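Working notes for the structure below.
The values are calculated or read from the model by the stated rules, or taken from the named source; none is laboratory data. Since this is a predicted model, take the numbers as computed values, not measurements. As a convention, Cβ positions derive from the backbone with ideal geometry for all residues, glycine included, and neighbour counts pool all protein chains shown. For the accessible areas, the whole protein counts, side chains as well, though only heavy atoms, and no ligand, DNA or RNA atoms are used. Shrake-Rupley method; radii C 1.70, N 1.55, O 1.52, S 1.80 Å.
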Amino acid sequence: MLQSPDKLDYAAKRGQSVNRWSAARLLVTIAAGALLWATVAAACLCIGSNGEVGWPADPNVRAFRKEVVLLASLVGASLGAAGVVYQAILRNPLADPYLLGVSSGASLMAYVWRFPFVATMGGSMLAAMSGAMSQQAFAFAGALAAIALVLLLGSRRGRLEPVTVLLVGVIVNAINGSIFLLLNARFPEVTAGAGGAFAFLVGGIQTSLLPVQEKIAALIAGVGWLVLLYLSGQLNVAMLSEGEAQALGTRIQRVRWAGLVVASIVTAAAVAISGPIGFIGLICPHLARMMFGADQRRLLPWSTAFGAALLAAADAVSRLLAGQRFVSTLLPVGVLTALLGAPFFLQLLWQRGRGAEES
Amino acid sequence: MTSLLQSENLSFSYGDRPILRGVALRLAPGEVVALLGPNGSGKSTLLRCLLGHLPASGTIIWEQRSLADWRRRDLARRVAYLAQSPAWEPEQRVSDVLRMGRSPYLQAFGIESPRDVEVVGQVARALGLADFFDRRMHALSGGQRQLVFLGRCLVQEPRALLLDEPNTFLDLRHQVDLGHRLKDLAKRQGIAVLMASHDLNLAGMFADRLLLLEVGTIAADGPPEEVLRPELLSRVYGLPMERIERTDGKVYVFPTVNGDAAS
């Protein structure tokens, strides 16, 4: 069949122009990501840990589930967004938001907080606040201290080199972990009432948080996310060598500092309320990259949405498994993020490998 | 003619090891200049100093303004740089790489203007890359990939192009092709080209002027037939050299391989 001249012309022009990354396109991308998340989140609201499946009629149950779903989404979104920035700035596809000590610092300090003398001290310092508040605050402070240490030791005359920062991050993580295990071996009674050492090393969505803690975490993550989105245009260039990035007009050291510090603060806010939840920050940027290409401006909103949706879904599945008596207690959600995300990830990887062979 | 780039007494050391010593050079619009010299003579370092990536002493003036007074973003709209081995990701498409050239023009949040998209399209068509737009970088040949990186430079709409051994990964045909393209850009668009190179004859074919570096100083600066002298090159490269002249005045040099000196 003959094509009309218009169509031929269109076909000739195809591939010769790019879709402009306009403000409207950015907003549409964010809206599409939000829609995806909202769909998943609505489904998650229908799953209870008591074996109940369906829209909760009881307003109290509804409020409770809403809180859990929103918390999981907040943590997942933070990790998804931070993962994009870490991978771009560290120029390493294996980078995840925990690589620079954020989670190990948070775990260590959350644990240290349980020592009676620290709790008393913290309690007197933060007399107006409850004990739970100070444990999250301790974890947040621990995360920030760890990242500050990594950036301090990893920079030379104020300059950040990705490889050096990565190595220092690995070392600080190892030290934090060792101190934790050493202290725990010497004072096993400290974690006895808190679910054992395991509880500090594997995160989960807690339901014991105060509204003020949730609001603070959401505020920090939200503001941080906007800063990261602002930087997203420069993240593409951050993946190049330093000389190339500079020649493209980017103050690369400034981008590295701003990106790593803000992404770490966003991660710290998430880790402080959930503990370390693996896999999300590593896999969501890759999912987004495989589906929407390598442009960091598009990756950031999508990886954020994927993180929120995936963690909310994983948490819902963990409730489902507990509700159906498949397991006796709620599984740590990190176990499920890997189980849910990995097959999807592998499928995409396989498809892409086949596409590369054909092209 | 007014110079686009002017540099006097430029020196740079890594620690206490001097790399460049009192280098002076000019670059005029529409001029193709090849930067020659053995490994370690300071070619790449010189390019990086001129771009402000390394802190050199002496004066470097781009368009009548001292390098220190340029904002990085503004300089990137005038001067583009092609690194020796440009970084790329397998996931990137040709269009992603080309668009990066608009980085010095992007607004907050990485928002592009209609002009940004227009320039990317123009450059892609000019270089014959339009059909490759959606190709992934790993699916391209070395020659095509190098063309994409040249495209990224041109998308910056530069007045000067600084290239660090752009022929490294190219076969002979692509080397000659690149030479023609650069010469064409210089003549038609008035872009000044400064290119570090190891290929003396290719440089002689396409450059208006050759700059020969010898351990951080300029050993010669002039048209190809002046610089491609066997005795000078023998000294700088430490190798006996010969030269043949064509009737049209073009000169070619090559190392003596069958004499005692080379054995």
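In table form, for the structure just shown:
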read-out	value
Against the rule of thumb 2.2 N^0.38 Å, how large the Cα Rg of region B:7-88 comes out	1.11
In Hz, Karplus ³J(HN,Hα) per residue of region A:168-178 (6.51, -1.76, 1.60; θ = phi - 60°; x = Gly, Pro)	4, x, 4, 5, 5, 4, 5, 5, 4, x, 5
0 to 90° range, to nearest 10: angle between helix A:116-125 axis and chain A longest Cα axis	70 degrees
Interface B:A - total buried accessible surface [probe 1.4 Å, Å², rounded to 100]	3200 Å²
Between helix B:142-155 and chain B: long-axis angle, C-alpha atoms, 0 to 90°, nearest 10	70 degrees
Given charges at beta-carbon only (K, R positive; D, E negative), |dipole| of the protein assembly as shown in Debye	980 debye
Region A:26-344 - convex hull of the alpha-carbon atoms, volume per residue in Å³	138 Å³
Accessible-area ranking of B:Met137, A:Met239, largest first, probe 1.4 Å	A:Met239, B:Met137
Whole-Å semi-axes of the ellipsoid equivalent to region B:87-157 (Cα gyration tensor, √5λ, descending)	20, 13, 10
All aspartates and glutamates inside 12 Å of A:Lys215 as judged from Cα atoms, apart from same-chain residues fewer than 8 positions distant	A:Glu67
Kirkwood Rh in Å, taken over region A:201-359 so that all alpha-carbon pairs contribute	17.6 Å
Whole-angstrom Cα spans of chain B along principal axes, big to small	62, 40, 36
Estimated 222 nm signal from helices in chain A, with DSSP H stretches of n ≥ 4 weighted -39500 (n - 2.57), rounded to 500	-25000 deg cm²/dmol
Share of carbon and sulfur in the accessible heavy-atom surface of region B:87-157 [1.4 Å probe, %]	48 percent
Equivalent ellipsoid dimensions for region A:12-79 as semi-axes, Å, which come from the Cα gyration tensor, largest first	38, 13, 10
Over the protein assembly as shown: Kirkwood hydrodynamic radius from C-alpha pairwise inverse distances, Å	27.5 Å
Solution diffusion estimate, µm²/s, Stokes-Einstein, region B:117-263, Kirkwood Rh from C-alpha pairs, 37 °C, viscosity 0.692 mPa s	191 µm²/s
Surface per residue (accessible, 1.4 Å probe) for region A:293-355, Å²	43 Å²
